[in-house]
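So the structure is just underneath, and the comments pick up after that.
Each reported figure results from applying straightforward, stated rules to the coordinates on display, with no laboratory input. Everything numeric here is computed off the predicted structure, so don't read it as measured data. Backbone-built Cβ (ideal geometry, glycine too); neighbour counts: all protein chains shown.
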Amino acid sequence: MKDLRCIGCGALLQTENKELSGYTPKSALEKGLETGELYCQRCFRLRHYNEIADVEMTDEDFLRLLNELGTTDALVVNVIDIFDFNGSVIPGLHRFVQSNDVLLVGNKKDVLPHSVGTGKLTQWLKERAHEEGLRPVDVVLTSAFNQNDVRNLMKKIDEYRKGRDVYVVGVTNVGKSSLINSIIKIATGEEEVITTSRFPGTTLDKIEIPLDEDSFLIDTPGIIHRHQMAHYLGKKDLKLISPSKEIKPVTYQLNPDQTLFLGGLARFDYIKGEKQGFTAYFARDLKLHRTKLEGASEFYQKHVGGILTPPQADEVANFPKLRRVEFSIKEKTDLVFSGLGWIRMAQPGVVACWVPEGVDVLVRKSII
């Protein structure tokens, strides 16, 4: 096995871990040994179903890829998750792209309430990008599941690439692969097109999709953002916190000394201020629980994995401890639980947010 490599992407073949590169089922490996066509599952699905899936990257791979961006003349398409902007930003990207143009793509616009105006959201994303040092040539809002959105993105890419290659970059869980799969589907017109020569895997860490005779759209692996909530959850729980439909905000009237639990993943304490409404923006399947601040820690220890889920009961032992961050709020503000959602606070007050150790919590100008 140690000498067997995928002829599509060069990955070392293995049959143990579906999440790692080079995975292929044992039955497929045996058939491949007979036919001489040894493909990993990722390349097989790419060739036969036009489906692109992320592979894992080490920090070293990540730096090598980012450095490559600055040595080529290309358009960089940076896909971020509108629902989790801060958790989907690539730290220091502006330094690596150097003089290359960046097209910022805000994906998953379909999960935000329809009341959010496109113009206001686009301006909001541009302001946040500037804070990160990025100066995108344009900001495009899209949903990978809306053909009109995808077609508009394709037009924008063609407009700004000016004959150059296009690198598509993004952290894990932003929907980058779904977006590229939608582009491929529209471009080919058929889901079942055999893509043996059309979309070859060129190396372990990227796939080149021809745009014309001289240039490619280059899909890169999802980059791991160390502060995402997703890295602490199993697949079942990840589905619960990742909105697939328009989120429905829920407003809680809280007095000081009250607490909101966000499942068992995080906690929000209202410490000081006048009674006011706090609007929660989270996936519909994430259950929120209101209780008194006094005794909240004991309540958590007793019920995490039970009425406070996720995490599931059998995962509580491995779930990080919650850390407390206090904020004094002066104006309308979003308190963001990275990778989970946010709570909008309209009036002044003092609050505390509890998140797993390693996960970010921050305040920002209200998006809505």
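At a Förster radius of 45 Å, what calculated FRET efficiency corresponds to the Cβ-Cβ distance of residue 298 and residue 71, to the nearest 0.05?
Calculated value: 0.20.
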With the cut-off at 1.5 for a/c, could you classify the range 231-365 from its C-alpha gyration tensor as rounded, prolate or oblate?
prolate
Where Lys and Arg each count +1 and Asp and Glu each count -1, what net charge lies around residue 297 among other residues with Cβ under 13 Å from its Cβ?
+3
In the range 59-219, what % of DSSP beta bridges are antiparallel (nearest 5)?
25
To the nearest 10 degrees, how steeply does helix 26-35 sit against the main Cα axis of the chain, on a 0 to 90 scale?
20
For residue 151 and residue 275, extending 7 Å from Cα along the Cα-Cβ vector and measuring point to point gives, in nm, a value of 5.3
Spread of Cα-to-Cα distances over 10 Å intervals beginning at zero, given as percent, for the range 143-190
24, 56, 20
Value of [θ]222 nm, deg cm²/dmol, for the chain, DSSP H segments ≥ 4, -39500 (n - 2.57) each, nearest 500:
-7500 deg cm²/dmol
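Please report, to one decimal in angstroms, the Kirkwood hydrodynamic radius of the range 286-360 built from all distinct Cα-Cα pairs.
Working: mean 1/r = 0.0723 Å⁻¹.
When all Cα pairs of the range 286-360 are included, the Kirkwood radius is 13.8 Å.
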Would you mind counting up the charge near residue 163? Only other residues with Cβ under 11 Å from its Cβ, with Lys and Arg at +1 and Asp and Glu at -1.
-3
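Suppose every K and R has +1 on its Cβ and every D and E has -1 on its Cβ; what is the size of the dipole of the chain about the Cα centre, in Debye to the nearest 20?
Working: 48 positive and 50 negative charges, 272 e Å.
In total the dipole reaches around 1300 debye.
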Hull volume per residue for the range 59-219, using the convex hull of the C-alpha atoms, in Å³ is 117
Straight distance only, please: which lysines reach the Cα of residue 236 with their own Cα at less than 19 Å, same-chain residues fewer than 8 apart left out?
18, 245, 287
Gaussian network model of the chain, Cα within-10 Å springs - most flexible of 304, 89, 168:
304
Only Lys, Arg, Asp and Glu count, each charged at its Cβ (+1, +1, -1, -1), so figure out the dipole size of the range 243-283 about its Cα centre, rounded to 20 debye.
100
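Using the Kirkwood radius built from alpha carbon pairs, what does the Stokes-Einstein equation give as D for the range 1-48 at 10 °C and 1.306 mPa s, in µm² per second?
Working: Rh = 10.3 Å.
Here the translational diffusion coefficient equals 155 µm²/s.
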Candidates for mean projected area of the Cα convex hull in nm² are [x] 19.4; [y] 20.7; [z] 15.9, and the calculated one carries label [x]
By DSSP, what percent of the beta bridges with both residues in the chain are antiparallel, rounded to the nearest 5?
70
